[in-house]
1. For the ranges 19-32, 61-74, what's the packing order if you count other beta-carbon atoms within 10 Å of each residue, average per peptide, and put the highest first?
2. Please work out, to two decimal places, the log10 of the ratio I(q)/I(0) at q = 0.09, 0.12, 0.15, 0.17 Å⁻¹ from a Debye calculation in which every Cα of region 14-148 carries one identical scatterer.
3. Which angle between 0 and 90 degrees, to the nearest 10, do you get for helix 2-11 versus the longest principal axis of the chain when only C-alpha atoms count?
4. Using a basic spin-label model with each label point 7 Å from the Cα along Cα→Cβ, how many nm lie between Y95 and V138?
5. What length, rounded to one decimal in nm, is gained on full extension from L120 through to T66, with 0.36 nm per residue of separation minus their alpha-carbon distance?
6. With only Lys, Arg, Asp and Glu charged, each at its Cβ (+1 for the first two, -1 for the last two), find how big the charge dipole of the chain is about the Cα centre; round to the nearest 20 debye.
7. Treating the angle as unsigned and between 0 and 90°, give the value, to the nearest 10°, between the Cα long axis of helix 46-62 and the longest Cα principal axis of the chain.
Amino acid sequence: MAAMLAAGLWATRLGTRSMLTLLCATVVGITAGAALGAQHETFTLAEQITAASAVVLGFLVMVASTPRVPATASLVALFCLFHGYVHAAETPDQYWQSAFTGGFVLSMLTLQVLGAAIALLLSRRTMIVRNAGACCAVAGLIALLLTN
């Protein structure tokens with residue numbers, strides 16, 4: 001959750017038109033990762049990379065990084081690949097994989113849009129947005145420590 005909120009917070013620095021690119025990168029990354037996870041491919045560090053994504057994205061929000069769209073979309077797609085993989089690999093056998101994947105794609109997009117909405121509402125209060133990024137990074141750090 002922290003990584004997707006941070007991605008949404010960070011997306012507001014891209015501008016309105018480019019936010020759509022970031023949302024598309026999210027869908028592509030999650031879907032590709034879910035396809036790998038459903039095939040039971042093995043990524044040994046997938047959970048650690050997923051947790052680290054919250055640290056990295058939260059840090060980028062905290063330092064108010066001004067991203068370039070291709071680099072941002074690539075980074076988010078890569079992180080989402082691991083998010084999609086982890087979720088699909090943990091899908092219980094009794095669930096329909098496509099419906100489960102659709103549900104977490106929708107959830108991740110909703111979290112990103114929520115992060116973007118928060119950042120837009122607080123656009124004049126940059127310290128609050130930066131602190132929200134720091135909170136996402138700390139949540140990711142805690143998750144990273146708990147995955148070991």
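Read-outs throughout are calculated quantities, based only on the coordinates presented, and are distinct from any laboratory measurement. All of these numbers come straight from a predicted model, not from anything done at the bench. Cβ sites come from the backbone with ideal geometry, for glycine too, and all protein chains shown count toward neighbours.
1. Values: 19-32: 19.3, 61-74: 15.6.
So the peptides 19-32, 61-74, ranked by packing, come out 19-32, 61-74.
2. The Cα Debye sum returns log10 ratios of -0.27, -0.48, -0.74, -0.94.
3. Taking Cα atoms only, the helix is inclined about 50 degrees.
4. Placing both labels 7 Å beyond Cα along the Cβ direction yields 3.0 nm.
5. Working: separation 54, 0.36 × 54 = 19.44 nm, distance 1.54 nm.
Here the segment from L120 to T66 would lengthen by 17.9 nm.
6. Values: 6 positive and 4 negative charges, 172 e Å.
For the chain, the charge dipole is close to 820 debye.
7. On a 0 to 90 degree scale, this one is about 10.
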